[in-house]
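Provided herewith is a single structure, encoded as structure tokens, for subsequent inquiry.
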Amino acid sequence: MITIRPAEVCDREKWTDFVLRSNNGTVFHLPDFLDYHPEGRFQNHHLIAESDSEIVSIIPGALSEREDGVWFRSYPGSSYGGPVTNDSLGLRKLEELIDTLESYCGSQGWTGIEMTPPPIIYYRRPHNYLEFALVKRGFKYRRRELTAVIDLTRFGEELKLGFRSSALRGVRKALKSGVTVEENSDFSLFYHVLESNLQQRHGVKPTHTLSELELLRSLLGSDRIKQFIALKDGEVLGGMVMFHCNPRVTLAFYISHDQEHQAFRPVNLVYMDVIRWAKQMGYHYMDLGTFTLDMDVNYGLCRFKESFSARGIFRNTLYGFV
């Protein structure tokens, strides 16, 4: 029998260990990541599911007030959430887990549950048991987006054989223009480019402030957040900030360039170098982030990511009433 209870401070070590050994856990499920949110930003309510005194699932969560009542969301401040499970959990037990989660939320008087589980590429052993169990119980899709994923295992020693000619032309243009790429730990070098680009193109700010990025790295460790920047004559023209999500997937959380120097194609060279790095590091997949919003496709961005061999994988957000 599965039972669910709120997580306590004393659970932290076991929580971390379970996520690191799990089938589908990511950096976004770790307590160290969740700690970067300032106190009061979210009303945290993390859950632990147990059977025979053994952890069978970790479900990070927070409560959100909506017009129709309180919702349990896993997790509003993370790219991915939902229940973390181990490799041995079969369909029957996973269905029991969802039933127990629904019962728990109902007993608290909450209205519903919302979650964005990691896409299937993040799983050590891929399966659709969670989504099946949710849909079977009446959950609906609040959002279905496409995230651009590069299958690094399909590349041989010559990366360029996997890229379209348009991508390679951009790489050659960058090299001919004197652009270089380096790994650099100083976030401030790239952050102003990122901030300016997002403001000009979308009228928004980065998800993280500069200090929050630095805090995240201090909490998670420098091996879990890497920055690559494109330089020409000492000036930063673009870059990527990579999150080590789990041993299988690295996520390009931020990709940006200086609009004034787009003709030098710095992002093309960054893509090439980071893809090479990710393959050498042993990742199976590189997640380049979404190119859709409410299923409206940014075809220009789609084509660019496809030119580097990326293809769209569903990133789903589901919700259900309890």
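For the stretch 88-115, enumerate the residues that are among the aliphatic types (A, V, I, L, M) and either crowded, with 19+ Cβ neighbours inside 10 Å or within 19 Å of TYR141 (Cα to Cα) (or both).
LEU89, LEU94, LEU97, ILE98, LEU101, ILE113, MET115
Per-residue answers, yes or no, for (1) outside the structural domain of ASP223 (by TED's automatic domain parsing); (2) on the phi > 0 side of the Ramachandran plot; (3) within 20 Å of the chain's Cα centre (by Cα):
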residue: MET115; (1), (2), (3): yes, no, yes
residue: PRO119; (1), (2), (3): yes, no, yes
residue: ARG124; (1), (2), (3): yes, no, yes
residue: LEU134; (1), (2), (3): yes, no, no
residue: PHE155; (1), (2), (3): no, no, no
residue: GLY178; (1), (2), (3): no, yes, no
residue: ARG201; (1), (2), (3): no, no, no
residue: HIS208; (1), (2), (3): no, no, yes
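State whether the residues of the stretch 129-152 include one that is more than 28 Å from ARG73 (Cβ to Cβ), touching a residue at least 12 places away in the same chain (Cβ under 8 Å) and basic (Lys, Arg).
Within the stretch 129-152, not a single residue is more than 28 Å from ARG73 (Cβ to Cβ), touching a residue at least 12 places away in the same chain (Cβ under 8 Å) and basic (Lys, Arg).
With respect to VAL171, is the statement that it is among the β-branched types (Val, Ile, Thr), outside any strand (DSSP E or B), surrounded by 12 or more Cβ atoms within 10 Å (Cβ to Cβ) and in contact (Cβ under 8 Å) with a residue 24 or more places away in the chain true?
So VAL171 fits the description; yes.
Now for a separate question. Output the number of residues of the stretch 34-62 satisfying the condition of being within 22 Å of the chain's Cα centre (by Cα), surrounded by 21 or more Cβ atoms within 10 Å (Cβ to Cβ) and assigned to a strand (DSSP E or B).
4
The values are calculated or read from the model by the stated rules, or taken from the named source; none is laboratory data. Predicted, not measured: the structure shown is a model, and the values here were computed from it. No Cβ is skipped: glycine too gets one built from the backbone with ideal geometry, and neighbour counts run over all protein chains shown.
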